[in-house]
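The values are calculated or read from the model by the stated rules, or taken from the named source; none is laboratory data. Just so we're clear, the structure is a prediction, and the values are computed from it rather than from any experiment. Every residue, glycine among them, receives a Cβ derived from its backbone with ideal geometry; neighbour counts consider all protein chains shown.
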Amino acid sequence: MTSRHAEVEQVWPRDGRVLVMGRIVGAAPAPPPGTTAILTLTNRDRPGLVLSCPATVDGDRFEAAFPVELVVSAVASRRIDGRQVWDLHLTLPGDPEPLRLGRHLDDISDKKKVMTFPAQTGEAPTGAVSVKPYYTVMQNLSLISRPVHA
Amino acid sequence: MKLRYLIMNAYGVGGTIRTVINQVNVMAATDHDVELISVFQTRDRPRFPVDPRVRMRTLADLRGPRWRHPARHWLRRRPSLLVPPTEVRYATFNRLSDQKIVRFLRSLDGGVLVTTRPALNLLSARYAPENVVRVGQEHMYLRSHKPELVAEIARWYPRLDAVVSLTDADLGEYAALLDGARTRLATIPNGLTPADRPPAALDGRIIVAAGRLTRQKGFDLLIKAFAEVVAEHPDWRLRIYGDGREHGSLRRLIHRLHLYNHAFLMGGTTSLEQELAKGAMFVLSSRYEGFGMVLIEAMAHGLPVVSFDCPHGPADIVTHGRDGLLVPPEDVGALTAAMKVLIGDPSLRHALGEAARTSVRRYDMDGIRLAWERLFTELHAGAARAG
């Protein structure tokens, strides 16, 4: 756990989107209300491959949603095969250091097993791809994408 | 007093095993001569702590390689001739255990013999000598047994000195079945062992449930009921403690109902007391129970409980409206409504929780031990007069 991070409170993988809600913990000055920040998904094997979507920040609250299509098309267009892990960060305007998304401020230590989420599937010309949020053993929030073999 | 407890396997894990070991421990701690006889032994040590004053004996040791014990192995593979095939654990017994149990029972001379499941109760009735005070324990309930087994019970239990049930409702069933027999019938519930039980967080927003993840425990019903609760009270959470073969299907149910931010399968825990104390209420959603010990454990923390009024136990433990809420069994709508009542009324949670903490003192192990001692003493005196 870092001193500054984006504490996840709810994750909603439904209706073809993934919605993440939470609050910023330990950040210096709060950005002005209605600030637009950026949620990034960094491919763990290819650190140069970063997907992003806008996030809203209000006080210490943040909220961001992206369609699973964002991940599916990135995988399909680059013809990336196999299981891919994507790490989630929140970048605040004027702040060079992205905040890792995670859930550290509760009493549940084994989130990888206890807080699980359903996968959603997106169609691509190369075949269907499933996208599933999960908590890592470090209690951080990541995604797994993998091809769905019929 | 010389007390012998015969159990199928003291080396396994389960409600009956835990309860029987609790009993032998408290009896040994109060200067009785206690022996725990395990039909089978599958490990070097029991999984639950046994008081060092309890002497342990095994009838059929299943440890060690098969080739070294060819006769034993041959007998192990022959199905039991003495245990009724409708006994739930019929397949565990075999020709080896038949031989060992009968030899053990015939060797007894005086004292009290407590047997702990239908197969052993029946064998005690058939083979233990008359000068042994024979007490059969029921850890589920009579109606849970198949008709063929009930017929065996009707035939042989009249030869026992006593049959002890966990609830009055079940005892009534035994009284009807064994009508006219001289067998003494008694209700003695499971005792609450002393433990550190911190007061529950009644002003929090966590609902706690616990038990093996099996169909019996009805967690599917609880999750469906909780989905309706969350629709109205999105800041409440459900934590279910336990492992079991329904884990996958319950997880899929949580995902399908979009409860992944609200309902959690917490896995097994070795510190249930600490986890119960985090709850603002406890829910028992079982389709049936032998007793429902976990309700008592929850109430000892001052937790208000909502429970299905299933057979058997909850109605004995909970007085509706005084120290908890009882709802019709398997009625998901009623379970939802009861949880909402407790969520909407913090003062009711406190009132029920406080009453619960007081009312479960009647299950304190000391009182339960006295009930057993009284029964054994009376049976002993009766046996002496008759002899």
Among residues of the stretch A:104-138 being polar (S, T, N, Q) and under 25 Å from A:VAL75 (Cα atoms), the residue farthest from the chain's Cα centre (by Cα) is A:THR126
Could you please find all residues in the stretch A:64-106 being within 14 Å of another protein chain (Cβ to nearest Cβ) and within 17 Å of A:PRO13 (Cβ to Cβ)? A:ARG103
Determine if the stretch B:277-292 includes at least one residue that is within 14 Å of chain A (Cβ to nearest Cβ) and touching a Leu at 6+ places or on another chain (Cβ under 7 Å). yes
For the stretch A:117-134, check the following and say yes or no: at least one residue is within 14 Å of chain B (Cβ to nearest Cβ), assigned to a loop (DSSP other than H, G, I, E, B) and under 30 Å from B:GLY204 (Cβ atoms). yes
Restricting attention to the stretch B:184-194, does a residue exist that is buried (at least 20 other Cβ atoms within 10 Å of the Cβ) and either touching a His at 6+ places or on another chain (Cβ under 6 Å) or outside any loop (DSSP other than H, G, I, E, B) (or both)? yes
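How many residues, within the stretch B:65-77, are surrounded by 12 or more Cβ atoms within 10 Å (Cβ to Cβ) and farther than 11 Å from B:THR92 by Cα? Quick ask: steps written out before the conclusion?
Filtering the stretch B:65-77 down to residues surrounded by 12 or more Cβ atoms within 10 Å (Cβ to Cβ) leaves B:66, B:69, B:72-76.
Filter once more, keeping what is farther than 11 Å from B:THR92 by Cα: B:66, B:69, B:72-75.
Of the residues in that region, 6 qualify.
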With criteria (1) among the acidic types (Asp, Glu); (2) closer than 22 Å to B:ARG287 by Cβ; (3) crowded, with 17+ Cβ neighbours inside 10 Å, B:ASP168 comes up short on (3)
Need a quick list: helices (runs of 4 or more DSSP H) entirely within the stretch B:70-161 having at least 2 residues that are at pLDDT 95 or above, within 27 Å of B:ARG18 (Cβ to Cβ) and small (Gly, Ala, Ser). B:118-127
Name the pairs whose Cβ atoms lie under 8 Å apart, with the first residue in the stretch A:45-56 and on the phi > 0 side of the Ramachandran plot, the second modelled with pLDDT of 95 or more and in a strand (DSSP E or B), and 6 or more positions between them or separate chains? none
Residue satisfying all of: in the stretch B:329-364; more than 22 Å from B:HIS233 (Cβ to Cβ) and not in a helix (DSSP H, G or I); nearest to the chain's Cα centre (by Cα) among these: B:ASP364
Counting only residues that are touching a Pro at 6+ places or on another chain (Cβ under 8 Å) and outside any loop (DSSP other than H, G, I, E, B), how many does the stretch B:297-316 have? 3
In the stretch A:54-107, anything over 27 Å from A:PRO125 (Cβ atoms) and acidic (Asp, Glu) is listed as A:ASP58, A:ASP60, A:GLU63, A:ASP95, A:GLU97, A:ASP106, A:ASP107
Extreme residue, farthest from B:GLY204 (Cα to Cα), among residues of the stretch B:300-321 that are buried (at least 24 other Cβ atoms within 10 Å of the Cβ) and hydrophobic (A, V, I, L, M, F, W, C): B:ILE317
For A:THR56: the one exception among (1) outside any loop (DSSP other than H, G, I, E, B); (2) within 27 Å of B:ARG256 (Cα to Cα): (2)
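Would you point out which residue out of B:ILE254, B:ILE296, B:ILE223 is within 21 Å of B:VAL13 (Cα to Cα) and either buried (at least 20 other Cβ atoms within 10 Å of the Cβ) or within 14 Å of another protein chain (Cβ to nearest Cβ) (or both)?
Numbers: B:ILE254 fails: within 21 Å of B:VAL13 (Cα to Cα); B:ILE223 fails: within 21 Å of B:VAL13 (Cα to Cα).
None of the others qualify; the one that does is B:ILE296.
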Which number in (1) part of a loop (DSSP other than H, G, I, E, B); (2) modelled with pLDDT of 95 or more; (3) within 14 Å of chain B (Cβ to nearest Cβ) marks the one condition that A:SER109 misses? (2)
Would you confirm, using the coordinates I've provided, whether A:VAL85 is among the β-branched types (Val, Ile, Thr) and within 26 Å of B:GLY267 (Cα to Cα)? yes
